[in-house]
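A.B. asks: The structure that follows is given in the form of structure tokens.
The values are calculated or read from the model by the stated rules, or taken from the named source; none is laboratory data. Note that the structure is predicted; figures quoted are calculated from it, not measured. Cβ coordinates were reconstructed from backbone atoms using ideal geometry, including for glycine residues, and neighbour counts include every protein chain displayed.
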């Protein structure tokens, strides 16, 4: 009698152990992620300044936010940056992957070279490019000493062009990763399909356009999702490269949020900007994750 | 000159020669099967005919035109691949017409050709679906449709039935044979399955280790294998190969073999010229269906010899009964009617049809030609 | 015409191939350039840099900028160089990587071998948590750390990284264990093994590759993080990245570019070394987190 009661208890306990083991992580996630998100969103509806305060002000922070030219500039910069960053990374990534897939000698050497920037901190990247693009000691200066006196490359100090320097540095950092994704996709294509297409008379151009690239759709999608998510979160790079300047020329929503929350003591508005960032990412990630997980079932 | 000539063709990868001076010539409308174990070079040879692999030396000609170095799409050939290789992002209809499109055929003609082929293969209702939505057999047909629509000189098949389950394989085999009979196309077909080779072909090239072991009609390959490899590769269950010694008795050569208990028996040959081998060791080849009980023995044969031996194992297989015994130290299989009265351990009198017996030289493993 | 090989059936002409090699090499130069510039200029005396010629090899080779970056550059109040912040990073990274990897492994184990209702939704929630913009949690996290008495400490930072790293480590282990035969688990259960025994004796021994991926990914991300370091670290507990940024942005006095570069390389070295040694696992980590299915 006692034996079976023990067995019952033990099996019931065993059934609970998995959930028990999972619970710290779930708890942490619920509190530190979703709880905090709710908290920040709530704050965006309050009159918080230097410290969180709980006076409800409705959508006032949001309307203030959208009337701030600073925010407008951040969004405009984000648009330019994201569009260029995503498209150039994709183009370079796809191009390099296709080239590398042509039985290149030295692929084992080239691939790690393309990828290593991903191992670096954005701060390091920003630092390196900051001086490389500096007109005083960087590329412009080098061109001058090499004899090309009229060479101009002071984008990093130019209000209209500074944002493009951020694009350059960001593309340098992540295009290798996009290449790796496309290369994996290319290598997953059945070789017999390529032979069949050759027999059908497809030129290399047609082969890639009509057969190979359409089959890379999953890789394109993944690349887009990851790149857009990285673009929205871009913070470290801007801080190191330009500090947001000159003026506001390279302000992005992430840097905007940081300065308004911590330096300008406008926590409510900062929270509102963070909420906007979250919603944008959610709009992209949630459908993507949903479709991926449904397949996994 | 034949319709398709493979003229002294060799293939090497660097210093490794994988195909040695292959020489095959077939006429229009023939169904040539390249059969052999994995790694024998059959797929390599097929790829060379297709133009997907370069020819190291020798020539391949189609209708007397040299094809060395000609791009696959310009050889007027079509290929059905083992994995079907259908374009996953296109519909069945687009898959079929893609080759025509690449060759600049106008749209109305493409449509008509596609409809004709679809009707022939009974896949009209699949034209708007994507390959991912089709079953294995359906994909097979689409792959064949894609090849047929090009109206090529030569059709190449690369193990097209390997990915199908057993029943479907048999059905599709018959379909392919029917298509060949109605269209009269020239086909080169690669398989490792010797039954497909025997049933489908007009001629078989048995390959091993990069060499063509024998080229002949199915009947020739089966009844007169030129060496032990061909003899044991073709036919299931495999031909029995037993060590024996030639003894001449009154001018007639006989094969002396050792029974299960060490005693010897003699089986008279039909061919008189083996007397030159008196006293020498040979390998005796005899197929299972040539060893039966006396009631089932071939009445038309002029040389049925009796052999008394002990049965080791009986295997009822539905339509036949397979009986194994020991000869010359080896396991030998005999095939009988399923209702034969046999038991394991029984001493039985077998009937051996020596007209079908083949003698092989043990050193060269080649058939002793007479 | 190049030989059609067995790996890919695509053929390219000679001219095309030369062009391809050219483009590939040009890009390789593009990627190596900043590293080269940093290395080369970190061993020049300042006069050489300001005199122009960023691309030139050093005329007067000197390791002084390195020594300065490590031990005597002015970053905080004291001229301590980057050394103490390097150790801060280590103190933060090691526990964070260890804890998040272990938890990730256990989570992955539970989610794949002990299925229950809603576990896919839970996994989805954890996954989404990887991708949120961390700006959204800065304010409440700062409060929470203060409440817990961990504000401005290395442990506080480690905790933050554990919390936000669990999503990724769980993803890696979950995908890895998903293809691990569940029959083995059932067989062990029949043999009488319990939850932890199965994990310890059966799953863990074959988890080598994915554990390496997880460790490398976590190490790289946590070491390279800036946002959390800048937001939550006190002056004493700042990690390397924050210290480097302070060093570079220091607006007073002469800009010592060579020291900046030396410092940047010092900051980059751990993750670069990991990448060089275990690059294969690095790539697997990148891929596992992106191309699914």
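A.B. asks: Please go through segment A:99-114 and give me each residue that is within 7 Å of another protein chain (Cβ to nearest Cβ) and either under 30 Å from residue C:244 (Cα atoms) or outside any helix (DSSP H, G or I) (or both), ordered by number.
C.D. replies: A:101, A:102, A:103, A:104, A:110, A:112, A:113, A:114
A.B. asks: Shifting gears a bit: Only residues that are part of a helix (DSSP H, G or I) and at the interface with another protein chain (Cβ under 7 Å from one of its Cβ atoms): list them for segment A:119-137, please.
C.D. replies: So the first thing to find is which residues in segment A:119-137 are part of a helix (DSSP H, G or I), and the list is A:119, A:122-132.
Matches in segment A:119-137: A:119, A:122, A:123, A:124, A:127, A:128, A:129, A:131, A:132.
A.B. asks: Go through C:31, C:109, C:85 for me and flag whichever is under 30 Å from residue A:204 (Cβ atoms) and touching a helix residue (DSSP H, G or I) at 6+ places or on another chain (Cβ under 9 Å).
C.D. replies: C:31
A.B. asks: Please identify the pairs in which a residue from segment C:260-277 that is more than 10 Å from chain A (Cβ to nearest Cβ) has its Cβ atom under 6 Å from the Cβ atom of a residue that is surrounded by fewer than 22 Cβ atoms within 10 Å (Cβ to Cβ) and part of a helix (DSSP H, G or I), counting only partners at least 6 apart or on another chain.
C.D. replies: C:262/C:66
A.B. asks: If I go through segment C:154-182 residue by residue, how many of them are within 13 Å of another protein chain (Cβ to nearest Cβ) and in contact with a strand residue (DSSP E or B) (Cβ under 9 Å, 6 or more places away or on another chain)?
C.D. replies: Result for segment C:154-182: 1.
A.B. asks: Look at residue A:39 and say whether it is more than 13 Å from chain C (Cβ to nearest Cβ), surrounded by 15 or more Cβ atoms within 10 Å (Cβ to Cβ) and assigned to a helix (DSSP H, G or I).
C.D. replies: no
A.B. asks: Related question: For segment B:117-140, give me the residue count where each residue is assigned to a helix (DSSP H, G or I), under 23 Å from residue B:183 (Cβ atoms) and without any contact (Cβ under 8 Å) to a residue 24 or more places away in the chain.
C.D. replies: Final tally of qualifying residues: 4.
A.B. asks: From C:41, C:56, grab the single residue that is more than 7 Å from chain A (Cβ to nearest Cβ) and touching a helix residue (DSSP H, G or I) at 6+ places or on another chain (Cβ under 6 Å).
C.D. replies: After ruling out the rest, the residue left standing is C:41.
A.B. asks: Residue C:138 - would you say it is without any contact (Cβ under 8 Å) to a residue 60 or more places away in the chain and either under 16 Å from residue A:32 (Cα atoms) or more than 7 Å from chain A (Cβ to nearest Cβ) (or both)?
C.D. replies: no
A.B. asks: Quick check, is residue B:272 under 14 Å from residue B:357 (Cα atoms), surrounded by fewer than 18 Cβ atoms within 10 Å (Cβ to Cβ) and without any contact (Cβ under 8 Å) to a residue 24 or more places away in the chain? Walk me through how you get there before you give the answer.
C.D. replies: Values: under 14 Å from residue B:357 (Cα atoms): yes; surrounded by fewer than 18 Cβ atoms within 10 Å (Cβ to Cβ): yes; without any contact (Cβ under 8 Å) to a residue 24 or more places away in the chain: yes.
Taking the combined requirement at face value, the residue satisfies it.
A.B. asks: Just one of the numbered conditions (1) at pLDDT below 85; (2) closer than 28 Å to residue A:277 by Cβ; (3) facing chain C (nearest Cβ under 7 Å) is not true of residue A:48; which one?
C.D. replies: (3)
A.B. asks: For segment A:138-243, give me every one of the helices (runs of 4 or more DSSP H) that falls completely inside it and has 2 or more residues that are touching a helix residue (DSSP H, G or I) at 6+ places or on another chain (Cβ under 9 Å), surrounded by 21 or more Cβ atoms within 10 Å (Cβ to Cβ) and at the interface with another protein chain (Cβ under 7 Å from one of its Cβ atoms).
C.D. replies: Values: elements: A:139-145, A:162-187, A:191-199, A:217-233, A:236-241.
Passing ranges, in order: A:162-187, A:191-199, A:217-233, A:236-241.
A.B. asks: Output the residues belonging to segment B:113-139 that are closer than 23 Å to residue A:206 by Cβ and exposed (fewer than 14 other Cβ atoms within 10 Å of the Cβ).
C.D. replies: Correct list: B:128, B:132.
A.B. asks: May I pose another question? For segment B:308-370, please list each of the strands (runs of 3 or more DSSP E) lying entirely inside it that holds at least 1 residues being surrounded by fewer than 18 Cβ atoms within 10 Å (Cβ to Cβ) and under 28 Å from the mean Cα position of the chain (by Cα). If you could, list the steps in order and put the result at the bottom.
C.D. replies: Numbers: elements: B:320-327, B:330-337, B:347-353, B:358-360.
The qualifying strands (runs of 3 or more DSSP E) are B:320-327, B:330-337.
Yes/no per residue for (1) part of a loop (DSSP other than H, G, I, E, B); (2) within 27 Å of residue A:128 (Cα to Cα); (3) at the interface with another protein chain (Cβ under 8 Å from one of its Cβ atoms); (4) at pLDDT 85 or above:
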position: C:4; (1), (2), (3), (4): yes, no, yes, no
position: C:9; (1), (2), (3), (4): yes, no, yes, no
position: C:12; (1), (2), (3), (4): yes, no, yes, no
position: C:27; (1), (2), (3), (4): no, yes, yes, yes
position: C:49; (1), (2), (3), (4): no, yes, yes, no
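A.B. asks: Being surrounded by fewer than 20 Cβ atoms within 10 Å (Cβ to Cβ), away from every other protein chain (no Cβ under 11 Å) and touching a residue at least 24 places away in the same chain (Cβ under 8 Å) is true for just one of C:151, C:187. Which residue is that?
C.D. replies: C:151
A.B. asks: Working carefully through the options A:65, A:96, find the one that is facing chain C (nearest Cβ under 8 Å) and touching a residue at least 40 places away in the same chain (Cβ under 8 Å).
C.D. replies: A:96
A.B. asks: I'm checking my understanding of the structure. Among residues of segment B:54-81 that are out of contact with any strand residue (DSSP E or B) (no Cβ under 7 Å at 6 or more places or on another chain) and in a loop (DSSP other than H, G, I, E, B), which one is nearest to residue A:195 (Cα to Cα)?
C.D. replies: Here the residue is B:71.
Condition check ((1) in a strand (DSSP E or B); (2) surrounded by fewer than 17 Cβ atoms within 10 Å (Cβ to Cβ); (3) touching a helix residue (DSSP H, G or I) at 6+ places or on another chain (Cβ under 9 Å); (4) not assigned by TED's automatic domain parsing to the domain that holds residue B:291) across all residues:
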{"position": "B:195", "(1), (2), (3), (4)": "no, yes, yes, yes"}
{"position": "B:199", "(1), (2), (3), (4)": "no, yes, yes, yes"}
{"position": "B:214", "(1), (2), (3), (4)": "yes, no, yes, yes"}
{"position": "B:222", "(1), (2), (3), (4)": "no, no, yes, yes"}
{"position": "B:229", "(1), (2), (3), (4)": "no, no, no, yes"}
{"position": "B:255", "(1), (2), (3), (4)": "yes, no, yes, no"}
{"position": "B:261", "(1), (2), (3), (4)": "no, yes, no, no"}
{"position": "B:267", "(1), (2), (3), (4)": "yes, no, yes, no"}
